[in-house]
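Please treat every number below as a calculation from the coordinates, not as lab data. The structure displayed is predicted, hence computed values, not measured ones. Glycine gets a Cβ as well: all are built from the backbone with ideal geometry, and neighbour counts include every protein chain shown.
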Amino acid sequence: MLPEIQLFLTTRAQSRTIIQEKDESALLNIPVGLANNMLWIFGHLIRTTDFLILKQAGQPMLFPTELDSLFAKGSSPTNWPIMSGLKQKLFDAEEICQKSVLEFLEKADLNKKFENPYTTSSGYVLDSVMAALRYNLVHEAIHLGQLQIYKKLVN
C-alpha cells in the first residue's frame with residue numbers, strides 16, 4: 001500500500017474515533033467564536049475527499065446529494081435545518097465513499113494528468129490523482145487538528 005494511502009487511512013481513522021466518542025448533541029455544538037461544529041468538519045472531510053480525488057479524476061462522487069450543500073466549502077452549520085441521525089448518515093456515507101475512493105486509487109494511474117486541473121483556494125494546482133491525494137492529506141490533517149481542539153471545547 002502506498003504511504004499516502006496508509007497516511008490517509010490513519011488520519012481518517014483518528015477523525016472517525018473522535019466523532020464516535022461524542023454524542024450527536026455535543027457534535028452539533030458550535031463553540032463560541034467558531035464557525036463550525038464537529039459534524040460539519042467530519043462531513044466536510046468525507047465530501048472533500050470525494051470531490052478532490054474522484055470528481056477531479058472524472059469519476060462520480062458518492063457523497064449523498066441531499067447532504068452535499070451542508071458540507072461544501074464555504075457552507076456553515078449555523079443555518080442547518082433540524083435533522084436527527086446526521087452522525088449515522090455521515091458514518092454510512094463515509095463507509096461508501098472511502099471504499100469507492102480506495103477502489104479507485106488501487107486501479108488508477110496516479111500520475112495521469114487531469115483533463116481539467118483544479119486550483120484549490122490556497123492556489124495549489126491539482127493536476128493528477130497523486131497531487132489530489134497528497135493535497136487531501138494536508139486537508140485531512142488540518143481538520144483532524146481542528147477536531148482535536150473542538151473535542152476539548154465541547155462537552
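Using Cα atoms only, what is the angle between the long axis of helix 129-153 and the major principal axis of the chain, expressed in degrees (0 to 90) to the nearest 10? Its long axis makes an angle of about 10 degrees.
Considering only Cα atoms, the convex hull volume of segment 53-106 works out to 78 Å³ per residue. Taking label positions 7 Å along the Cα-Cβ direction at both Ile96 and Val125, the computed distance is 3.5 nm, reported to one decimal.
Among the trypsin sites (Lys or Arg not before Pro) in segment 1-94, those placed in a DSSP loop whose Cβ has at most 13 other Cβ atoms within 10 Å are Lys73.
For segment 72-155, the pair-distance distribution built from all alpha carbon pairs, in bins 5 Å wide starting at 0, is 3, 10, 13, 20, 21, 15, 10, 6, 1, 0 percent. Segment 15-39 and segment 53-127 have Cα centres lying 20 Å from one another. Over segment 1-68, the fraction of Cα-Cα pairs per 5 Å bin, rounded to whole percents and listed from the shortest bin up, is 3, 14, 19, 22, 21, 12, 6, 2, 0. Straight Cα distances below 29 angstrom link Lys152 to the lysines Lys22, Lys73, Lys87, Lys89, with same-chain residues fewer than 8 positions distant left out. Computed from Cα atoms, the angle from the helix 38-49 axis to the main principal axis of the chain rounds to 10 degrees. Overall, segment 1-128 carries a charge dipole of about 160 debye about its Cα centre when +1 sits on the Cβ of Lys and Arg and -1 on the Cβ of Asp and Glu, all other atoms neutral. Using the Cα coordinates of the chain, the gyration tensor eigenvalues translate into equivalent-ellipsoid semi-axes of 27, 15, 15 Å, sorted from longest to shortest.
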